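Asker: Structure in structure tokens, see below.
The values are calculated or read from the model by the stated rules, or taken from the named source; none is laboratory data. All of these numbers come straight from a predicted model, not from anything done at the bench. Methodologically, a virtual Cβ is constructed for each residue, glycine included, from the backbone with ideal geometry; neighbour enumeration extends over all protein chains shown.
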């Protein structure tokens, strides 16, 4: 404290000068309209800039919560859209039933460099998630639920050499199977497209909906390369995946309300004596 007093005492002339300058500036601003207007305009601009920077900083650090809220809202809107589209159709009894419900979840672990990649999300049995349910993102198909605990789930990523997705070439209507070959995390192969079909680069590949896991029409990827060997029965088709798994942050789990019925019927039929 004594050093502080000594400092002020030693530089008392400077501080007296500074105080007088501030007082003079205040008198000038207070008693002259032009200077007063300029001062307040400048100070308001400075304060506005500081407040704007502060607000931008707060918004940046709240982006995770904002993304979470948007993901939940998107899942709710997708569910409502599904319900409305089914209710507006009168083609059959099934068309009047909302087949799918969507649950938003955040990715907390994700691998892309293995032959068998998995994704961990922060929702589990408490959200009604069960093994076998599909996972999609705003960009396209992601994978399928493998195992579930009370609060977490592990998904089999499309980037898994054991995972197959029943798909269809949207332009031609021909079916095939999308399967990753374990090399490029941005691309997969479309298998079993026969040689009489005419696939082209740029064609969209979407889910077929045959297995009642994925809703039909979910984008899987875009055909990037088409080859056909002279003796081959099927094309060698390369597909650029719609979802960049290296940037995956949120997914929506698809809860199919008709899948238990379908599985039960198929198991009962398979189990019948021939």
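Asker: Within the stretch 175-184, is even one residue buried (at least 17 other Cβ atoms within 10 Å of the Cβ), in contact with a helix residue (DSSP H, G or I) (Cβ under 6 Å, 6 or more places away or on another chain) and either more than 22 Å from residue 116 (Cβ to Cβ) or in contact (Cβ under 8 Å) with a residue 40 or more places away in the chain (or both)?
Answerer: Restricting attention to the stretch 175-184, the residues satisfying the condition of being buried (at least 17 other Cβ atoms within 10 Å of the Cβ) are 176, 178-180.
From the residues that got through so far, the ones that are in contact with a helix residue (DSSP H, G or I) (Cβ under 6 Å, 6 or more places away or on another chain) too are none.
No, the stretch 175-184 contains no residue that is buried (at least 17 other Cβ atoms within 10 Å of the Cβ), in contact with a helix residue (DSSP H, G or I) (Cβ under 6 Å, 6 or more places away or on another chain) and either more than 22 Å from residue 116 (Cβ to Cβ) or in contact (Cβ under 8 Å) with a residue 40 or more places away in the chain (or both).
Asker: Take the residues of the stretch 232-255 that are touching a helix residue (DSSP H, G or I) at 6+ places or on another chain (Cβ under 8 Å) and within 11 Å of residue 142 (Cβ to Cβ): which is modelled with the highest pLDDT? Give the steps one after another, and end with the answer.
Answerer: Taking the stretch 232-255 and keeping what is touching a helix residue (DSSP H, G or I) at 6+ places or on another chain (Cβ under 8 Å), we get 249-250, 252-253.
If we keep only those that are within 11 Å of residue 142 (Cβ to Cβ) too, we end up with 250, 252-253.
On the way: 250: 87, 252: 91, 253: 94.
Only one residue fits best here, namely 253.
Asker: In the stretch 220-237, what residues are surrounded by fewer than 19 Cβ atoms within 10 Å (Cβ to Cβ) and in contact with a strand residue (DSSP E or B) (Cβ under 9 Å, 6 or more places away or on another chain)? If you could, list the steps in order and put the result at the bottom.
Answerer: Initial filter on the stretch 220-237 (surrounded by fewer than 19 Cβ atoms within 10 Å (Cβ to Cβ)): 222, 224-234, 236.
Matches in the stretch 220-237: 222, 224, 225, 226, 227, 228, 229, 233, 234, 236.
Asker: Looking for something over 19 Å from residue 241 (Cβ atoms) and surrounded by 21 or more Cβ atoms within 10 Å (Cβ to Cβ) - is there at least one such residue anywhere in the stretch 149-156? Let's see the steps before the verdict.
Answerer: Of the residues in the stretch 149-156, the ones over 19 Å from residue 241 (Cβ atoms) are 149-154.
If we keep only those that are surrounded by 21 or more Cβ atoms within 10 Å (Cβ to Cβ) as well, we get 153.
Yes, because at least one residue in the stretch 149-156 is over 19 Å from residue 241 (Cβ atoms) and surrounded by 21 or more Cβ atoms within 10 Å (Cβ to Cβ).
Asker: Find the strands (runs of 3 or more DSSP E) located wholly in the stretch 188-274 whose residues include 2 or more that are closer than 24 Å to residue 124 by Cβ and in the same structural domain as residue 174 (by TED's automatic domain parsing), and list them. If you could, list the steps in order and put the result at the bottom.
Answerer: Details: elements: 204-207, 219-227, 236-241, 250-256.
Answer list for the stretch 188-274: 250-256.
Asker: Check residue 126 against each of (1) more than 16 Å from residue 242 (Cα to Cα); (2) surrounded by 19 or more Cβ atoms within 10 Å (Cβ to Cβ) and name the one condition it does not meet.
Answerer: Checking residue 126 against (1) more than 16 Å from residue 242 (Cα to Cα); (2) surrounded by 19 or more Cβ atoms within 10 Å (Cβ to Cβ), the one that fails is (2).
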